[in-house]
Amino acid sequence: SDMDDAGGLFKRLARELAAKGIASLRINFRGEGDAKRTDIASTFATRLEDTASAHAWLAEQRGVNASRLGVLGFSLGASTAIETGAQYPDWFKTMAVWSSPSGDQFAMFMADETAQKAMRDGKATEDVPGWKKITTKREFYESFRGIDLDKSLAKYPGAFLTVRGTKDMLAQHDEVFLKIAPGEPKEKLIIEGADHIFHVFDGEKGQAAQVIEATVAWFGRTL
């Protein structure tokens with residue numbers, strides 16, 4: 001994805017955070033950050049490295065209190081946030097994840113036909129409805145070996161919010177997340193009828209506004 005994300009969700013969130021006096025930083029991950037890019041060259045390792053670089057830059061900015069930083073991850077970004085929180089448990093005071101994967105990440109991907117084809121042939125292309133065609137490579141999937149988000153979340157000590165729709169294509173794992181997460185407060189928001197991207201392309205019929213409002217309120221309480 002890119003720093004604005006599907007339907008401009010992150011751009012909208014940044015506006016609402018700013019209105020509440022909360023500064024935010026959106027980033028493009030190398031190898032995937034161009035919204036028009038179809039050939040994905042990132043790996044989970046490069047995502048983690050880019051997140052670390054973003055954290056280092058942000059912590060050095062004038063007016064930023066490095067002890068009061070939060071992180072938000074959406075889908076694969078949630079995997080990135082959770083794993084970063086595990087590797088650097090003192091970085092984030094609070095975390096919010098939208099439509100997060102869970103458990104063994106390599107095993108999760110290997111249940112998908114596109115991933116199976118990429119592992120077999122070196123790369124595979126998938127037409128994602130409502131978005132674009134994307135080509136992923138064997139190296140991308142290989143980079144998730146050994147990543148278990150349940151084990152990683154157990155190492156993150158800060159506040160934790162998980163948001164998911166009842167129609168998400170990923171497992172409804174949020175109750176398990178709350179049992180695993182050691183920090184406080186920890187909460188879940190389950191949105192009835194929402195899909196993986198909260199029907200962001202459906203205008204007012206979608207649930208994006210609800211997700212943004214809840215997330216802004218969360219960071220307002222926990223930062």
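The table that follows gives values for the structure above.
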item	result
Residues of region 83-127 classified as more than 18 Å from the chain's Cα centre (by Cα) and surrounded by fewer than 20 Cβ atoms within 10 Å (Cβ to Cβ), total	17
Any hit, region 142-154, residues being among the aliphatic types (A, V, I, L, M) and free of Cβ contacts under 8 Å to residues at least 12 places away in the same chain	no
Lone qualifier among THR136, THR38 - being touching a Ser or Thr at 6+ places or on another chain (Cβ under 9 Å) and either on the phi > 0 side of the Ramachandran plot or loosely packed, with under 14 Cβ neighbours inside 10 Å (or both)	THR38
Pick from region 70-89, criterion in contact (Cβ under 8 Å) with a residue 40 or more places away in the chain and part of a loop (DSSP other than H, G, I, E, B), ranking: farthest from GLU142 (Cα to Cα)	PRO89
Residue list for region 5-15, restricted to those being surrounded by 17 or more Cβ atoms within 10 Å (Cβ to Cβ) and of a type outside the set (A, V, I, L, M, F, W, C)	ASP5, GLY7, ARG12
Failed item, numbered, when GLU175 is tested on (1) modelled with pLDDT of 95 or more; (2) touching a helix residue (DSSP H, G or I) at 6+ places or on another chain (Cβ under 9 Å); (3) over 21 Å from VAL71 (Cβ atoms); (4) not in a loop (DSSP other than H, G, I, E, B)	(2)
Every residue from region 201-215 that is at pLDDT 95 or above, open to solvent by 80 Å² or more (accessible area, probe 1.4 Å) and out of contact with any helix residue (DSSP H, G or I) (no Cβ under 9 Å at 6 or more places or on another chain)	GLN210
Residue within region 60-79 that is surrounded by 14 or more Cβ atoms within 10 Å (Cβ to Cβ), out of contact with any Gly (no Cβ under 9 Å at 6 or more places or on another chain), at positive phi and among the small types (Gly, Ala, Ser) present	yes
Helices (runs of 4 or more DSSP H) completely within region 94-161 that count 3 or more residues being under 23 Å from PHE219 (Cβ atoms) and out of contact with any strand residue (DSSP E or B) (no Cβ under 7 Å at 6 or more places or on another chain)	149-153
Counted residues, region 149-172 - those being open to solvent by 20 Å² or more (accessible area, probe 1.4 Å) and in contact with a helix residue (DSSP H, G or I) (Cβ under 7 Å, 6 or more places away or on another chain)	3
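The values are calculated or read from the model by the stated rules, or taken from the named source; none is laboratory data. Worth saying up front: this structure is predicted, and the values here are computed from it rather than measured. Quick reminder, even Gly has a Cβ in these numbers, built from the backbone with ideal geometry, and neighbours come from all protein chains shown. Quick note on the areas: whole protein, heavy atoms, side chains included, nothing else; ligands and nucleic acids left out. Shrake-Rupley method; radii C 1.70, N 1.55, O 1.52, S 1.80 Å.
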